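One structure is given here, and the rest of the page talks about it.
The values are calculated or read from the model by the stated rules, or taken from the named source; none is laboratory data. Since this is a predicted model, take the numbers as computed values, not measurements. Methodologically, a virtual Cβ is constructed for each residue, glycine included, from the backbone with ideal geometry; neighbour enumeration extends over all protein chains shown. Areas reflect the complete protein model, heavy atoms only, side chains present, ligands, DNA and RNA absent. Shrake-Rupley method; radii C 1.70, N 1.55, O 1.52, S 1.80 Å.
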Amino acid sequence: MTAAPRVVVVGLGDVSVVHLAAIEKLRATLAGVCDSRGDHRALLDEVRPDVVHICTPHDQHVPIALDALERGVHVLLEKPVAHTIEQADLLVAAAKDHPGLKVGVCLQNRYNLTSQAAHEILTSGELGRVIGASASVLWHRDAAYYAARPWRGIRERSGGGVLINQAIHTLDLLQWLAGEVTTVRGHAGRYGGVSGDVEDTAHLILDHAGGARSVFFATTTNAVDSPVTVEIVAEHGTLLIRGDLTVTYADGRVETIAELAPEGGGRAYWGASHELLIADFYGSLDDPEPFWIGPQEALRSQHLIDRIYHLHP
Ligand SMILES: NC(=O)c1ccc[n+]([C@@H]2O[C@H](COP(=O)([O-])OP(=O)(O)OC[C@H]3O[C@@H](n4cnc5c(N)ncnc54)[C@H](O)[C@@H]3O)[C@@H](O)[C@H]2O)c1
């Protein structure tokens with residue numbers, strides 16, 4: 001297979017637009033769709049697709065994924081894995097029980113040209129050891145955003161706010177680029193007044209296994225959607241992602257790696273990489289190895305978030 005698999009999409013809200021655009025562009029066969037008034041089990045039984053794209057609210061990820069795996073269907077899941085770690089662990093276990101099926105999580109920012117280049121430079125050893133990092137997600141989500149989709153502001157359904165819903169991508173990049181996190185401290189709270197019972201602002205200090213420390217700030221109370229920043233300081237240079245990637249070497253050389261412009265109907269702040277991830281996922285379906293961003297890998301950042309939530313419930 002499976003350059004052009006038969007796929008279905010479950011959940012037809014905002015993010016489904018980029019999945020549907022990618023499906024069309026990649027010439028996969030869209031064999032069916034279903035929203036909350038349909039029955040995803042009936043769809044899976046009727047259509048017997050190769051892949052289900054799960055684009056539902058956070059509490060509706062794992063139940064649908066488990067039903068798909070039971071039916072022999074590969075699962076491509078929107079982030080986060082689930083609204084709780086307990087639910088996420090059920091999927092990790094089910095994925096292990098179905099080694100012939102792929103489970104992928106849409107942490108598409110790892111496919112950004114800038115993230116890929118930064119990862120390659122850091123793993124090449126050219127810049128030496130990572131000394132420290134910082135990242136910020138300064139976005140705007142107003143009352144209309146929560147009113148349009150009430151689940152986003154209900155902790156029982158979403159699992160949380162800015163950390164699990166928006167900043168998870170950037171936290172994922174921080175730990176992917178600066179190394180495994182051994183300790184996380186910080187606080188998450190509600191300051192903006194429009195986010196229901198989920199946090200709109202969080203600050204974190206992360207200690208990494210290699211000795212580096214990262215500082216991280218995320219809020220959805222900013223006036224606008226500012227570009228995400230990630231800065232990695234290493235012994236022999238600095239990497240700064242803010243839209244494009246700027247690499248400043250200790251000898252004064254400066255290189256810029258441009259990011260792709262988003263297309264396909266998505267929001268600019270989702271980035272351009274859904275299609276790259278989906279193409280890679282389809283291309284991986286016959287590989288013997290699990291997809292590289294499976295539930296366990298995606299849980300690295302979600303565990304950090306969960307620790308903050310439990311420090312300040
Ligand atoms: N990777 C990204 O950059 C990115 C961007 C936006 C959203 N997301 C994620 O995508 C998911 C969906 O977010 P959204 O903003 O599109 O939400 P949304 O509310 O706009 O869409 C969700 C859709 O799922 C439907 N639905 C709910 N329960 C269902 C069920 N049991 N069966 C079938 N359909 C069901 C709803 O009716 C709705 O149409 C979330 O996990 C979100 O975090 C990811």
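Remarks
- Built amide H within the under 5 Å cut-off of ASP35, gap 5+: GLY11
- Amide H contacts for ASN222 (H built 1.01 Å from N in the peptide plane; partners 5 or more residues away or on another chain; cut-off under 5 Å): TRP139, ARG141.
- With Cα atoms, 0 to 90° folded angle of helix 168-178 axis to the chain main axis: 50
- Net charge, GLY32 excluded, C-beta distance under 15 Å - Lys, Arg +1, Asp, Glu -1: -2
- Rough spin-label spacing in nm, given labels placed 7 Å along Cα→Cβ, for ILE131 and ASP251: 1.9
- For the range 62-133, GluC sites (Glu not before Pro) are listed when DSSP marks them as loop and at most 15 other Cβ atoms sit within 10 Å of their Cβ; the list is GLU126.
- Per-residue [θ]222 nm for the chain (sum of -39500 (n - 2.57) over DSSP H runs n ≥ 4, rounded to 500): -9500 deg cm²/dmol
- Accessible surface of the chain [probe 1.4 Å, protein heavy atoms]: carbon and sulfur percent: 52
- Sparsely packed GluC sites (Glu not before Pro) within the range 249-297, loop by DSSP, other Cβ within 10 Å at most 13: GLU263
- Neighbourhood net charge (15 Å Cβ-Cβ; Lys/Arg +1, Asp/Glu -1) for ARG6: -1
- The range 97-184 - Debye-derived log10 I(q)/I(0), Cα point model, q = 0.20 Å⁻¹: -1.07
- Based on the Stokes-Einstein relation at 25 °C and a viscosity of 0.890 mPa s, and on the Kirkwood radius from alpha carbon pairs, the range 113-259 is assigned a translational diffusion coefficient of 153 µm²/s.
- Gap separating the Cα centres of the range 180-224 and the range 1-58, nearest whole Å: 33
- Computed over every Cα-Cα pair of the chain and binned at 20 Å starting from 0, the pair-distance distribution P(r) comes out as 33, 59, 8, 0 percent.
- The long axis of helix 113-124 is offset from the longest Cα principal axis of the chain by roughly 60 degrees.
- Both numbers refer to the Cα atoms of the range 1-123; Rg and Dmax are 14.8, 47 Å.
- Taking 0.36 nm per residue of sequence separation and removing the Cα-Cα distance, the ARG27/ARG185 pair yields an extension gain of 52.4 nm.
- Using the Cβ of ASP207 as centre and a radius below 11 Å, the other residues enclosed give a net charge of +1, where K and R count +1 and D and E count -1.
- Note on ARG300 and ALA268: the model spin-label points, each 7 Å out from Cα along the C-beta direction, lie 3.0 nm apart.
- Accessible area per residue in Å² at 1.4 Å probe, computed on the range 155-313: 45
- Sparsely packed loop sites in the range 1-79 (the trypsin sites (Lys or Arg not before Pro) outside DSSP H, G, I, E and B with at most 14 other Cβ atoms within 10 Å) comprise ARG27, ARG37, ARG71.
- Share of alpha-carbon pairs per 5 Å distance bin for the range 174-313, given as whole %: 2, 8, 12, 15, 18, 20, 15, 8, 2, 0
- Taking amide H atoms as placed 1.01 Å from N in the peptide plane, the amide H of ASN112 has no partner under 5 Å among residues 5 or more positions away or on other chains.
- Dipole-positive endmost among HIS119, VAL130, GLY189 within the range 113-259 (Cβ charges, Cα centre): GLY189
- A dipole drawn for the chain from +1 and -1 charges on Cβ atoms has a positive end, and of TRP292, LEU239, HIS310 the residue lying farthest that way is HIS310.
- Degrees, to the nearest 10: 295-311 long Cα axis against longest axis of the chain: 70
- Along its three principal directions, the equivalent ellipsoid of the range 28-85 from the Cα gyration tensor extends over semi-axes of 18, 12, 11 Å, largest first.
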